[in-house]
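Each value in this text was obtained by applying a stated rule to the coordinates, not by laboratory testing. Since the structure is predicted, the reported quantities are computational estimates derived from the model, not experimental observations. Please note: Cβ atoms are built from the backbone with ideal geometry, for glycine as well, and neighbour counts cover all protein chains shown.
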Amino acid sequence: MILNYSRADGENYTLSISFSDPFWGEISANFKHGEITRTVKADISVSANEEFLLSCQNIEFLSDDYTVDVTCKSKDISKTKHIKYISGYPQLSSDTVKMAVAEMTAEEKCALFVARGAERHMAATTFVVERLGIPTIYMADGPAGLRVDVPTVGYPSGTTLANTWDRDAMQKVTAFMGDDCNGFGVDVLLAPGMNIQKNILNGRNFEYFSEDPYLTGMMAAHYTLGAQSEGVGVCLKHYSTNNQESSRMTVSSVVTERALREIYLKGYDYAVEKGAPYTVMTAYNRINGVCAPNAKDLITDVLKGEFGFDGFVMSDWGAHGGKDMMIASGNDMYCGSPDPAVDANIVKEALTSDKITEKQLDLCCENILSVVARSQAMNRTEISYTISNKEEKLQTVREVGADGMVLMKNDIDTLPMSTGKKIALFGNASYTTEHCGYGAGYVIVSHVVTVKEGLENADFRLDGDVASLYTDCKRHPHILNQEANPTDDQFEIVITEDIAQNAAKNNDCAIFTISRMTMEGADHTDIKGDLRLNDREAEAVKNISRAFRKAGKKFIVLINTGNPIEMSSWADMADAILYIGLSGEQIGNSTADILTGKVNPSGKLASTWPLAFADTPCSDHYPNSEWCFYYDDIYVGYRYYTTFDIPTMYEFGYGLSYTKFDYTDFNVNKTDEGYVLSVKVTNSGKLAGREAVQFYVSKPDGKNEHPMLELVGFAKTPLLASQDSIVVTATVTDKELMTYFTPDAQWMIEQGEYTFSVGASVKDIRMTQKIVIEKEIVVRRVKNVSPLPMELDTITKKNPKRCVDHGVNLALEKTVYASGAEEGFDAIYAVDGSHYTRWSAIGTQGEHYWFTVDLGETTDISKVVLRWESNSSGQFDVMISDDSIEWNKIKECKYEPVNTIELGITARYVKIIGKAEGFFSLYELAVY
Ligand code: BGC
């Protein structure tokens with residue numbers, strides 16, 4: 001039953017009612033004012049959505065405050081909706097959302113569409129309409145806890161939470177976050193971040209869960225269930241393909257519909273189905289050329305239609321895309337307005353000039369008010385602005401933080417180690433440990449327990465001489481902070497052979513912590529000091545390793561980052577490696593709990609750690625400023641590495657334990673709900689521990705080709721004592737088995753043989769079972785969405801190689817000359833290995849810009865790779881020389897975002913020169 005509007009005219013009252021299905025039965029309205037009650041009844045028969053007007057005469061108290069209970073009764077239904085009137089106005093409740101909107105003026109509707117700023121560092125509030133009982137709701141970030149201007153609780157970041165593979169832990173943590181929000185009067189937590197970790201360099205990966213859509217979706221669903229169990233709404237963000245921070249407001253992800261649906265949207269489907277989130281935030285970027293908040297097909301048809309999302313959709317803060325288009329597309333709220341009155345006026349003008357219809361705006365308001373009506377704001381009295389049960393919450397941060405840590409290496413049982421040992425604790429991050437990444441996802445905390453403090457709390461003894469090296473140590477600088485260039489690594493302490501040898505004499509073991517700041521608005525780069533160790537770190541690892549091994553003592557490395565780092569060049573120098581991630585404000589205690597064995601590590605990687613950036617499927621095309629081509633298509637993360645047999649450093653689902661688990665009795669049973677997979681897991685080692693069990697499927701190639709393995713279920717065991725067993729299960733439904741066949745716009749299950757497998761990681765498959773699906777099954781027909789704006793030559797099994805490991809860049813940090821440069825954009829930045837810095841020059845009439853690199857000696861050159869930010873002259877020549885006097889033009893090129901120019905020549909100097917006047921802006925020129 002839908003209450004559309006009501007009108008009271010003197011003592012007469014009319015109510016408009018409709019039903020989404022045909023209805024015949026009785027309607028009654030029960031009016032109450034103090035002790036007085038009046039009832040009006042009617043027998044009605046209406047078709048779906050037909051309006052019925054219930055007219056009630058001679059109700060004498062309609063100018064006072066009163067309530068009406070409207071009941072519809074038929075053979076199968078009996079439903080009552082409650083309307084409260086104050087001063088003649090219906091008050092907002094979940095029953096009266098449409099009525100409230102019908103009462104609003106156009107100005108009020110425009111104002112409700114535009115979110116306004118909020119105090120205390122919260123992100124936004126909504127417009128209030130007092131006479132209709134519409135309160136404001138408060139929204140705040142997200143995702144690792146409540147972000148306001150005072151300390152709250154710093155929970156583990158998204159990646160650490162996902163690395164637990166523990167739905168219950170996720171829900172427990174986010175219920176606490178919900179409670180924190182209630183303490184601060186926050187109605188919607190702007191989280192979880194659930195973009196796919198497509199690229200290991202994405203600066204916001206720490207906020208996200210995984211490279212896998214199933215794991216992402218499940219984690220997001222349980223994040224939602226936890227927070228919303230406290231009455232606090234969540235916001236799934238950022239919808240969708242917001243997979244790089246570089247040029248995030250403008251870049252367009254170019255992605256096939258199949259990959260969009262199977263990889264990038266699928267997690268939302270799970271989260272909406274299982275969690276029923278209150279809100280969703282669209283992304284900043286464009287998707288196949290269309291600004292995310294303007295992508296009507298993805299918002300209205302897919303999210304609200306196919307997935308059944310019933311809350312409201314908001315834009316990201318200050319996102320591009322016309323407000324009129326947002327309204328017409330189903331993006332219900334615009335956020336981040338610098339001047340809400342001005343923006344509301346823009347909407348009003350769009351309404352007046354018929355760019356949008358009142359019905360479209362009404363729909364936005366209804367969606368917003370449906371969330372307002374179910375929010376805590378409806379009943380809020382006082383706000384304490386405090387965190388309750390902090391001790392209990394911190395204990396959970398500590399436990400879940402430890403459960404999300406991943407033991408990557410543990411040679412000859414280096415770990416666990418007994419407390420009381422004397423440790424030489426190296427690395428800035430041991431003393432200034434990061435608990436979280438930066439930007440909207442940063443949570444202010446009263447205190448971060450550093451690794452040093454955690455070890456001290458666990459009764460380890462720390463070498464004072466080593467510790468004194470770090471008295472004035474600085475945090476690892478962010479890559480964007482050019483003055484603190486991490487390649488120069490001026491902040492990491494130099495650990496000479498002498499220091500290391502001395503430490504090895506005086507201590508039982510050494511620990512070195514490596515950290516990277518990570519943040520919203522900036523991506524990482526495949527350079528020293530970022531993805532790779534900087535020189536001082538590399539030197540320290542080498543010297544400590546040698547000295548301690550010589551002394552027969554162990555060397556442990558801790559990794560305190562939100563993203564993978566390059567490890568293949570140094571991992572063998574460590575005896576044990578623990579990925580401590582960004583696991584919240586108790587990070588030091590959680591670390592110590594793992595090192596001592598108080599907690600047996602059970603975290604596993606929710607995303608692959610590749611051997612090198614060049615091994616990742618889109619490394620040649622990242623980051624990009626205008627178009628970001630998703631060549632990897634459905635082969636994201638482990639789907640790529642397993643299918644194309646690319647070796648990795650640590651695979652998806654990988655993580656060691658101090659005990660061993662055996663898998664037996666793997667069964668597949670077909671039931672009405674789907675295929676129930678079950679396996680018996682036995683702790684066959686000596687210590688109690690938990691195991692994250694993973695279920696995969698290999699689908700037969702048919703209309704579509706499929707990755708080697710896809711995750712279709714997972715289960716985290718409880719703590720199993722030595723020799724204890726448990727049977728864990730996962731139910732595989734159509735949703736996991738289906739694939740999207742774009743030409744027919746349908747989700748279908750291919751016919752043929754399917755292999756289900758169970759494993760401890762994507763590479764550690766323990767058992768398999770086959771089933772056959774005799775006939776293709778069409779699960780759902782939909783509508784094609786988000787057409788590609790250009791051809792996209794994606795990776796397929798027949799066309800596997802998109803990225804090439806070019807080898808050593810001969811131009812790196814070599815001498816360069818250029819025709820000119822803007823201030824701060826010197827030519828040297830095009831050969832510094834960073835995609836952040838660039839050489840750029842403002843074009844003036846008649847000038848053809850040029851750029852030369854001197855390789856130092858005449859060398860073999862196989863190719864030159866140029867990554868542009870822009871090139872207004874469109875075409876350029878490549879010239880070479882041995883003496884910089886005589887030049888040979890060897891190629892004429894047309895500008896592309898990435899130009900790979902095959903040469904096969906010898907030369908000392910390489911020059912590019914524009915064919916027309918204009919400017920260049922070049923991230924990097926590499927010579928191989
Ligand atoms: C971020 C969102 C965040 C919003 C409000 C934006 O810049 O992308 O994730 O929720 O700001 O702080």
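Extension gain, Ser63 to Met1: 0.36 nm times the residue separation minus the Cα-Cα distance gives 19.7 nm. In a reduced charge model with +1 at each Lys and Arg Cβ and -1 at each Asp and Glu Cβ, the range 118-253 shows a dipole moment near 280 debye about its Cα centre. The slack in the chain from Glu51 to Arg131, taken as 0.36 nm per residue of separation less the alpha-carbon distance, amounts to 26.2 nm.
Using only the C-alpha atoms, the convex hull of the chain corresponds to 185 Å³ per residue.
Neighbours of Cys365 by Cβ distance under 13 Å: Lys/Arg scored +1, Asp/Glu scored -1, total -4.
For the pair Lys894 and Ile77, a Förster radius of 51 Å applied to the C-beta separation gives a FRET efficiency near 0.15, rounded to the nearest 0.05. Once the Kirkwood radius over Cα pairs is known for the range 687-801, the Stokes-Einstein relation at 10 °C and 1.306 mPa s delivers a diffusion coefficient of 96 µm²/s.
Distance check, please: which entries in Lys172/Lys542; Lys81/Lys304; Lys172/Lys421; Lys41/Lys348 exceed 32 angstrom between their Cα atoms? Exceeds cut-off: Lys172/Lys542; Lys172/Lys421; Lys41/Lys348. Panel values: the range 291-332, Kirkwood radius from alpha carbon pairs, Stokes-Einstein at 25 °C and 0.890 mPa s, translational diffusion coefficient 244 µm²/s.
Place a point 7 Å from Cα of Val782 in the direction of its Cβ. Which residues in the range 204-235 have their backbone N less than 19 Å from it? The answer is 212-221, whose backbone nitrogens lie closer than 19 Å to the label point. Taking 60 Å as R0, compute the FRET efficiency from the Cβ-Cβ separation of Glu349 and Lys775 and round it to 0.05. Efficiency, rounded to the nearest 0.05: 0.60. Loop-located chymotrypsin sites (Phe, Trp or Tyr not before Pro) in the range 199-250 (DSSP state other than H, G, I, E, B) with a sparse environment of at most 11 neighbouring Cβ atoms within 10 Å are absent. Could you work out how far the C-alpha centroid of the range 700-744 sits from that of the range 359-427, in angstrom? Cα centres, the range 700-744 to the range 359-427: 27 Å. Convex hull volume of the Cα atoms of the range 280-411, normalised per residue: 209 Å³. Legend: distances between Cα atoms for Lys266/Lys703; Lys670/Lys703; Lys393/Lys553; Lys98/Lys390; Lys554/Lys604; pairs beyond 31 Å are Lys393/Lys553; Lys98/Lys390. As a size descriptor, the averaged projected area of the C-alpha convex hull of the range 188-274 was calculated at 5.6 nm². Helix 390-403 and the longest principal axis of the Cα set of the chain meet at an angle near 50°. When Rg and Dmax are taken over the Cα atoms of the range 57-207, they come to 21.3, 70 Å. Projected over all directions and averaged, the alpha-carbon convex hull of the range 769-928 occupies 15.1 nm². Once both labels are positioned 7 Å from their Cα atoms along Cα-to-Cβ, the gap between Asp43 and Lys390 label points is 6.7 nm. Note on the range 386-468: Rg/Rh from C-alpha atoms, Kirkwood Rh, equals 1.00.
Taking one equal scatterer on every alpha-carbon of the range 844-928, how large is log10 of I(q)/I(0) by Debye at q = 0.14, 0.16, 0.21 1/Å? Result of the Debye calculation: -0.43, -0.56, -0.96.
Working note: Cα gyration tensor of the range 4-65, eigenvalues times five, square-rooted, sorted largest first, giving semi-axes of 24, 12, 9 Å. Using C-alpha pairs under 8 Å with a sequence gap of at least 6, the mean separation divided by the residue count of the range 742-893 gives a relative contact order of 14 percent.
Our summary gives the range 715-809 a relative contact order of 21 percent, counting only alpha carbon pairs under 8 angstrom and 6 or more residues apart. Remark: relative contact order (the chain) = 10 percent; criterion is Cα-Cα distance under 8 angstrom and separation of 6 or more residues. Rounded to the nearest 20 debye, the dipole size of the chain about its Cα centre is 1780 debye, using +1 on the Cβ of Lys and Arg and -1 on the Cβ of Asp and Glu. Where does the Debye-calculated log10 I(q)/I(0) of the range 78-159 sit at q = 0.16, 0.17, 0.20, 0.23 Å⁻¹, using only Cα point scatterers of equal weight, no solvent? The Debye formula, applied to the Cα set alone, gives -0.75, -0.79, -0.89, -1.02.
Neighbour counts of other Cβ atoms within 10 Å put Lys323, Lys775 in the fewest-to-most order Lys775, Lys323. Take each peptide in 72-82, 601-611, 164-174, count the other Cβ atoms within 10 Å of every residue, and average; sorted highest first, the result is 601-611, 164-174, 72-82. The distance from the alpha carbon centre of the range 128-195 to that of the range 258-305 is 21 Å, rounded to a whole number.
In the range 523-584 the Cα-Cα distances spread across 10 Å bins starting at 0 as 21, 51, 25, 3, 0 percent of all pairs. The simple spin-label model puts a point 7 Å past each Cα toward its Cβ; for Ser870 and Lys542 those points are separated by 4.3 nm. Placing a pseudo-label 7 Å from each Cα along the Cα-to-Cβ vector at Glu273 and Asp572 gives an inter-label distance of 4.6 nm.
Which pairs, out of Lys75/Lys735; Lys735/Lys797; Lys198/Lys775; Lys84/Lys359, put more than 27 Å between their alpha-carbon atoms? Violating the 27 Å limit, Cα to Cα: Lys75/Lys735; Lys198/Lys775. The order of Phe548, Phe19, going from fewest to most other C-beta atoms within 10 Å of their C-beta, is Phe19, Phe548. In terms of packing, defined here as the mean over residues of other Cβ atoms within 10 angstrom, the peptides 151-157, 94-100, 690-696 line up highest first as 151-157, 690-696, 94-100. Straight-line cross-link reach from Lys915 at under 18 Å between alpha-carbon atoms covers these aspartates and glutamates, not counting any fewer than eight positions away in the same chain: Glu847, Glu869, Asp877, Glu892, Glu896. The order of the peptides 562-574, 424-436 by mean Cβ neighbours within 10 Å, most packed first, is 424-436, 562-574.
When the P(r) of the range 592-684 is calculated, the portion above 14 Å amounts to 77% of the C-alpha pairs. Compared with the dominant Cα axis of the chain, that is its longest principal axis, helix 340-352 is turned about 60°. Taking each residue as 0.36 nm, the span from Arg380 to Thr796 lengthens on full extension beyond its C-alpha to C-alpha distance by 144.3 nm. Note on Ile444/Glu886: beta-carbon distance plugged into 1/(1 + (r/R0)^6) with R0 of 56 Å gives a FRET efficiency of 0.35.
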